[in-house]
Every structure is written in C-alpha cells, then in structure tokens.
Amino acid sequence: MNIPDYHEIYYKLYKYYGPQSWWPARSTLEMLLGSILVQRTNWRNVEKALTRLGDHVHDSNYFYQIEENELAEKIRPSGFYRIKAARIKAFITWYRKYNYDVSIVQQIPHDKLRSELLSIKGIGDETADVMLVYAFKKQAFIADQYANRIFNRIGLDVPSTYRSLQKVVERDLPNDSLLYQEYHALLVEHAKIHCKVKPICNTCPVQTICEFGLNKLGEFRG
C-alpha cells in the first residue's frame with residue numbers, strides 16, 4: 001500500500017462528509033467559551049452549559065464581572081466546572097487587554113498570539129490552536145486525540161508529541177485557514193462515525209488507504 005499524505009486524507013474525508021462549517025457558535029465569544037468548556041467532556045454537555053448562560057455568551061464584560069463561584073454553578077453541566085470557571089475568568093482577563101475586540105487580536109502575529117494564549121492558566125496546546133483557527137483566523141493543525149488515532153490506524157509514522165505531529169502535518173498542507181478549520185472538523189466527524197474506539201471499517205471513506213482498514217477487509221474476505 002502506498003502511504004498517503006495528510007493532504008490526500010483531507011480530500012478523501014472532505015469528498016465523503018462535505019463541508020462541516022465549524023465552529024458551532026453564534027458569536028466569536030461563544031466559540032471561545034466553547035473551546036474551554038469542551039475540555040474533558042463531550043459537546044452535549046457544553047451545549048447544556050451554554051444554554052444556562054443564555055444571551056450572556058455574547059457579552060464579554062459579563063464574564064469579567066461575574067463572580068467565579070456563580071459562573072461555576074452556571075456551567076456545572078460541562079463538568080470540572082470550578083476549574084473551567086477559573087479558566088474562563090483567566091481568559092477573559094487576557095481578552096480584556098484587547099477590549100474584547102477580535103479584529104485587534106487577529107492582527108497579532110501567529111507565534112506571539114499562540115504564546116500569549118498558552119500563558120493563560122488552563123489554556124494548553126489544543127485549546128490555544130482551536131482559538132487560533134476558529135476565532136482568530138490563523139493557520140494551525142489541531143493535533144488532537146482524534147487526529148492521532150486516525151493517522152495511526154492509516155499507518156502513518158505519527159510523531160509522539162502534539163507539537164511534532166502538528167509540524168509534520170502542516171508541512172503537507174497549503175496556507176489556507178479554511179482548510180485547517182475543515183480538517184479538524186472532518187477528523188472529529190470521522191472519529192465519531194467511523195474511526196471510533198471500536199472502528200467501523202466496512203463503510204469507511206479512507207479504507208482503501210488505511211492499513212488497519214485493509215487488514216480488516218482482508219480478515220473479512222478470508
């Protein structure tokens with residue numbers, strides 16, 4: 001089997017699933033909050049927490065003024081709610097330096113902005129990159145657990161760390177912010193529908209280039 005590149009995987013997924021038009025949010029602030037709330041939980045729980053916040057999800061100053069304990073109670077459905085409340089407060093304090101203006105933040109060079117985001121307590125590589133890609137329109141591959149699982153099963157030589165995988169993938173991809181947005185969403189969708197912990201290979205759109213899938217196909221035919 002010829003080992004595919006990351007660009008080929010993207011196009012196969014895109015052809016099968018179509019555009020995902022992520023991130024699911026009605027405003028930039030809601031997207032940013034969601035990227036913190038989704039840590040260590042699923043999106044259903046995030047939606048419950050966002051619903052409890054109501055229209056406040058579009059008001060940055062609300063999150064600056066609200067007491068941390070009160071915020072924690074409002075986002076309780078997201079799990080680890082006290083930790084996440086502290087992280088939201090820390091993020092909002094940083095965001096306030098730029099007058100909560102996404103257009104100002106978007107002017108910050110990529111590396112400087114990423115470094116600033118990582119300096120916020122509770123913002124790690126994945127959350128920082130989600131913010132970069134979906135809110136601040138920067139180019140970054142989100143090398144999360146789904147990407148790791150899918151690429152490993154396909155048979156690629158996947159680096160062991162988040163940053164090293166990110167750099168390897170980015171070398172294969174064009175400088176296209178929309179592509180990075182779609183790629184992450186497509187990998188998540190693929191991991192939910194086909195490349196689950198217990199994968200469904202017989203209808204998988206990348207089975208013909210997947211080492212794991214081809215082996216399963218061989219077992220079935222044998």
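Structural remarks
- Residues of the range 139-161 satisfying the condition of being more than 21 Å from K216 (Cβ to Cβ), at pLDDT 95 or above and more than 13 Å from the chain's Cα centre (by Cα): P159, T161
- Among residues of the range 104-118 that are touching a residue at least 24 places away in the same chain (Cβ under 8 Å), those with a beta-carbon under 6 Å from a residue that is assigned to a helix (DSSP H, G or I) and of a type outside the set (S, T, N, Q) at least six positions away or on a different chain give the pairs R114/A128.
- Subset tally (residues that are farther than 15 Å from K84 by Cβ, of a type in the set (F, W, Y) and either in contact with a Leu (Cβ under 8 Å, 6 or more places away or on another chain) or open to solvent by less than 30 Å² (accessible area, probe 1.4 Å) (or both)) for the range 12-65: 2
- Helices (runs of 4 or more DSSP H) fully within the range 1-100 that include at least 3 residues being in contact with a strand residue (DSSP E or B) (Cβ under 8 Å, 6 or more places away or on another chain): none found.
- Residues of the range 134-170 classified as under 26 Å from V102 (Cβ atoms) and open to solvent by 50 Å² or more (accessible area, probe 1.4 Å), total: 4
- Single match in L173, L178 (criterion: within 22 Å of W23 (Cβ to Cβ) and open to solvent by less than 40 Å² (accessible area, probe 1.4 Å)): L173
The values are calculated or read from the model by the stated rules, or taken from the named source; none is laboratory data. Quantities reported herein were computed from a predicted structural model and do not represent experimental measurements. In this analysis, Cβ positions are derived from the backbone assuming ideal geometry, glycine residues included, and neighbour counts consider all displayed protein chains. Side chains are part of the model used for accessible areas, which takes the heavy atoms of the whole protein and leaves out ligands, DNA and RNA. Shrake-Rupley method; radii C 1.70, N 1.55, O 1.52, S 1.80 Å.
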